[in-house]
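What follows is one structure encoded as structure tokens, with my remarks underneath.
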Amino acid sequence: MTEAATGHAAAAAAHDAAAHGGEFNAGETIAHHIMDTQVMELPFIGAVHLPTLHIGSWDLPVTKHVVMLWVAAAVVLALAGIAARRRALVPGRVQSLVEIMVVFVRDELARKNIGPHGDRFVPYLLTTFFFILACNLIGLVPYGATATSNIGVTAALAGVAFLVTQASGMREYGVVGHFKNLVPPGLPAWLLPIMIPVELLGMLAKPFALCVRLFANMTAGHVVIISLISLVFILKSILVGVLLSVPFALFINGIELLVAFLQAYIFTMLTSLFIGMSVHPSH
């Protein structure tokens, strides 16, 4: 999979050079690869222009990242269907793999970070983990796109995590009690005007960190790969490609496979940690 993805990156760079009459523009190639557009490249078909949905007075453009979100959702639903179907005496490989991940999220993330009531958040945490993982892995497939390299997608995921975190605290302590927990008890009254804004900013900084971390990590790898491949066309040297660009691009692509799993885990782990801090505030 990584070799095919690197080959697709090289083909994209070569296409950019040909489109500009032999003049290669690395910046445009990188932007074309990571930016969201309504043009999607498909094998044996070429460029496909995606439609714009008109719902009342709203114009909703369908972009390649939107398509990737639909594909990721379909993959997660299909995986859940395979894992939840009636099991034989010996579960299949897919069922065993999904079971390992489910048990890991339940025992190592939900129960350890949230506590005795962590099981109620397992469905949400599993959905978050598998959806982000699917989006990350689809971006490594040739002609695919990484939806999690779109700041709007990561902001939406972080926004949902923020709402679940606040709702969990309000459910446990009530609206007033939840916000009272932001400030340690026994704090002198003259410190409240300072501590309340600081704590509110800290509360908003958590989803912001989730959003930017996932976006930056998933974007950086693709930029590095395209930059390495672009060196061949910038320096106009096949030797550079054989000895430098392709080997290093394959290496980074392999790391990207690890990062795809790692970022899904980190986002889910931090989300469970923030929920645990809301349900069990430290005083």
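Please treat every number below as a calculation from the coordinates, not as lab data. Source: prediction; values computed, not measured. Heads up, the Cβs are rebuilt from the backbone with ideal geometry, glycines too, and the neighbour counts pull from every protein chain shown.
Can you sort F131, F251 so the residue with the fewest Cβ neighbours within 10 Å comes first?
Working: F131 21, F251 14.
Exposure proxy ranking, most exposed first: F251, F131.
Which whole-number percent gives the relative contact order of the chain, counting Cα pairs below 8 Å spaced six or more residues apart?
Values: 310 pairs, mean separation 76.2, N = 283.
After rounding, I find 27 percent.
Grab the beta carbon distance between V183 and L273, set R0 = 25 Å, and tell me the FRET efficiency rounded to 0.05. Don't skip to the end; give the middle numbers.
Numbers: r = 20 Å, r/R0 = 0.81.
It comes out at approximately 0.80.
Which is farthest toward the positive dipole end of the range 2-279 among T268, V153, L53, measuring Cα position about the Cα centre, with Cβ charges +1 (Lys, Arg) and -1 (Asp, Glu)?
Of T268, V153, L53, it is T268.
By count of other Cβ within 10 Å, fewest leading, how are S149, S96, S230 ordered? Intermediate values should be presented prior to the final figure.
Values: S149 27, S96 11, S230 23.
With the fewest neighbours first, S149, S96, S230 line up as S96, S230, S149.
Quote to one decimal, in nm, the extra length available between A205 and M35 on full extension: 0.36 nm per residue of separation minus the C-alpha distance between them. Intermediate values should be presented prior to the final figure.
Values: separation 170, 0.36 × 170 = 61.20 nm, distance 2.56 nm.
So the extension gain works out to 58.6 nm.
Please report, ordered by residue number, every helix of the chain (full DSSP H runs) that is 15 Å or longer along its axis going by C-alpha atoms and whose mean Kyte-Doolittle hydropathy reaches 0.0.
Working: long enough: 2-19 (26 Å, 0.26); 64-84 (30 Å, 2.05); 93-104 (17 Å, 1.46); 122-138 (24 Å, 1.96); 151-180 (33 Å, 0.85); 192-235 (60 Å, 1.81); 246-279 (49 Å, 1.75).
Helices passing the filter in the chain: 2-19, 64-84, 93-104, 122-138, 151-180, 192-235, 246-279.
Evaluate the charge dipole of the range 81-153 about its Cα centre and quote only its size in Debye, nearest 20, assuming +1 on the Cβ of each Lys and Arg and -1 on the Cβ of each Asp and Glu. Walk me through the intermediate numbers first.
Details: 8 positive and 4 negative charges, 53 e Å.
Dipole magnitude for the range 81-153 comes out near 260 debye.
Using a 10 Å cut-off around each Cβ, can you sort F261, F215 from fewest to most neighbouring Cβ atoms?
Values: F261 15, F215 22.
Exposure proxy ranking, most exposed first: F261, F215.
List the relative contact order of the range 106-205 as a percent without decimals, with contacts defined as Cα pairs under 8 Å and 6+ residues apart. Don't skip to the answer; put the middle values down first.
On the way: 42 pairs, mean separation 10.4, N = 100.
In percent, rounded to a whole number, it is 10.
For the range 46-112, what relative contact order do you get, as a whole percent, if you take Cα pairs closer than 8 Å and at least 6 residues apart?
Numbers: 22 pairs, mean separation 10.5, N = 67.
Computed over the range 46-112, the figure is 16 percent.
Between S96 and H49, what length in nm is gained on full extension when 0.36 nm per residue of separation is reduced by their alpha carbon distance? Write out the running numbers ahead of the final one.
Values: separation 47, 0.36 × 47 = 16.92 nm, distance 3.98 nm.
12.9 nm is the gain from fully extending S96 to H49.
Treating only the Cβ atoms of Lys and Arg (+1) and Asp and Glu (-1) as charged, compute the dipole magnitude of the chain about its Cα centre; round to the nearest 20 debye. It would help to have the intermediate numbers written out before the result.
Working: 14 positive and 14 negative charges, 192 e Å.
So the magnitude is around 920 debye.
Using only the alpha-carbon atoms, what does the range 2-279 span along each of its principal axes? Please give whole angstrom values in decreasing order.
So the three principal-axis extents are 70, 60, 49 Å.
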